[in-house]
1. Given a 1.4 Å probe and every protein chain left where it sits, what share in percent of the accessible area of segment 448-505 is carbon and sulfur?
2. Using modelled amide H (1.01 Å from N, peptide plane; none on Pro or chain starts), what sits under 5 Å from the amide H of Lys154, excluding residues fewer than 5 places away?
3. Assigning unit charges at the beta carbon (Lys, Arg +1; Asp, Glu -1) and nothing else, what dipole magnitude in debye, to the nearest 20, does segment 441-509 show about its Cα centre?
4. With a 1.4 Å probe and all protein chains in place, put Met481, Met105 in order of accessible area, largest first.
5. Return the whole-Å distance between the Cα centroid of segment 451-483 and the Cα centroid of segment 84-154.
6. Give the lysines reachable from Lys94 as a straight Cα distance under 25 Å; neighbours fewer than 8 places away on the same chain don't count.
7. Give the long-range amide H neighbours of Phe175: residues separated by 5 or more places, or on another chain, with amide H under 5 Å away, using H modelled in the peptide plane at 1.01 Å from N.
8. Along the charge dipole of the chain, Cβ charges K/R +1 and D/E -1, which of Ala323, Tyr161, Gly272 sits furthest on the positive end?
Amino acid sequence: MPKKYLIGVDLGTSGTKAALYQIDGKLISESSVEVPLFYPKPGVVEQENEDFYTSAARTVRECVRSSGVEPQAIAAIAFDSQMAGVGLVDEDFKPVARFDSWLDMRCQPFIERMDKEAGDRITRLTGCPPTCDHGPKMLWWKDQQPAIYQRTAKFVMPVAYVVGRLAGLKADQAFIDHTFIHFSGFSDAQKGTWSGELCERFGLDPTKLPTIVDPSDIVGEVTEASAKEFGLAPGTLIAAGAGDTAANALGAGIVRAGMIFDVAGTAAVLAGCTDKFVADAKNRALLTMRSVIPGLWDPLAYIGGGGIALRWFRDQFYNTSLAKTLPVSEDLYTRMIALVETVPPGSEGLLFSPHLGGRICPSSPEMRGAWVGVSWSHTQAHFARAILESIAYEYAYYLKILKELLPGLELVEARAVGGGARSGVWNQIKADVLDVPYQRLKGNEFGAWGAAMIAGKAAGVIDDLAAHAEKTAILSGKPSMPSKAGHEIYAPIVEKYISLERALNEYFTG
């Protein structure tokens, strides 16, 4: 039977989504379920490893059932997942503890230790400064839970755990693909290997680290037992997959140096695409992830207060009367954005700092949000526009660092996805601030399609992954083109914003 279909599964923090596609990218069916998080005590956030597996089985089985596609016609399957948390398995690939979520902050003392002892070296080797990711978490388990650490055969990502169960792997077959390793704290990203130097320096047993592979490597086949749970044919090929940000970038067609990827969601994520590795040791703002596409890198940074800052303003200020929140209607955002259009670029001197819960890139958890330059003439419209502009200013700061690291880099196009991408006004603000065309994409799910393409490459039904990704990323309307006049207004404001953030950081940390 011809192999005409691919499956991609996104293992998110709060939910799992599976999708079945034709090779040309046409969506045939999809399914999603929620996945619980556990908060046993303050600062502790955990998940059950087995929930990743059962949610994947449930969603894939539903995709196959509802599509009417014969399981034998599915060429391959691949997964993407959240990137900075870590799981622990024993020799038989069974969990020895709950999954240590990227939201879990127990490892904070070990972030500080790694930063103090070798922060610059870690940043230059891995592409990522010490933060709440695999490295400090593994050291926490070693120091605080030595018995569990001793029982741990391998530290694994959700992708590897699900594949391990699906393919019946043992611990010595555990893997991690190269899009994750900037978050490891113990890699040499350019070589695509583990760093013996860093493992020795911090006393981490390197035998507990999984084998580093390419995303499209075949890492197993679906077993008879798992085939029944997933609704797949036994022997279906399984590719290594990728981290969720890398899979999303691939699904959006970010496959050429100079492209930008803007995930305008609850958080705001901006990723560049370069053909050279960069390590932001000076500012500690950019995290450099290896792309799924060979030879490319995705330096990225993100803001915790992206779209959620606009929602906060809506609920606490715009949609209130006499200190009481009014009923939320579907057109509230539309009405707010319409107000924004009545205010000139720069919000007549009003600046907003969007770091209400701390700054993430560069890390400054003590920081909080701020309004600066408030005058009697400022209205709700000014405050709303200043929020939109603050995200663009923060993006400009990230790109300024990237251009300093790579002076010859020419930015050619930004591609925007997520709820914020639906706003033409916001896209235009970003285009003017960053001086780059802003293109919205059709669709809402890019990670699952990115994973599915990786599966197709592994199975041999997709030859040129970059070309296929670019061809199947469907543009939505014409791009928002940068205005020369708008950019000239915004350029000096960006410099003021950068100075403001520096001063606010000193204030909140001093």
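The values are calculated or read from the model by the stated rules, or taken from the named source; none is laboratory data. Note that the coordinates shown come from a computational prediction; the quantities given were computed from them, not determined experimentally. Note that we place each Cβ from the backbone using ideal geometry, even for glycine, and neighbour counts take in every protein chain shown. Note: accessible area is taken over every heavy atom of the protein model, side chains too, but ligands, DNA and RNA are not part of it. Shrake-Rupley method; radii C 1.70, N 1.55, O 1.52, S 1.80 Å.
1. Carbon plus sulfur share of accessible area: 57 percent.
2. Amide H neighbours of Lys154, under 5 Å, 5+ apart: Val89.
3. The calculated dipole for segment 441-509 is roughly 220 debye.
4. Heavy-atom accessible area, descending, gives Met481, Met105.
5. 34
6. Result set, ordered by chain and number: Lys17, Lys41, Lys137, Lys142, Lys154, Lys170, Lys208, Lys228.
7. The answer is Thr211.
8. The residue sitting farthest along the positive end of the dipole is Ala323.
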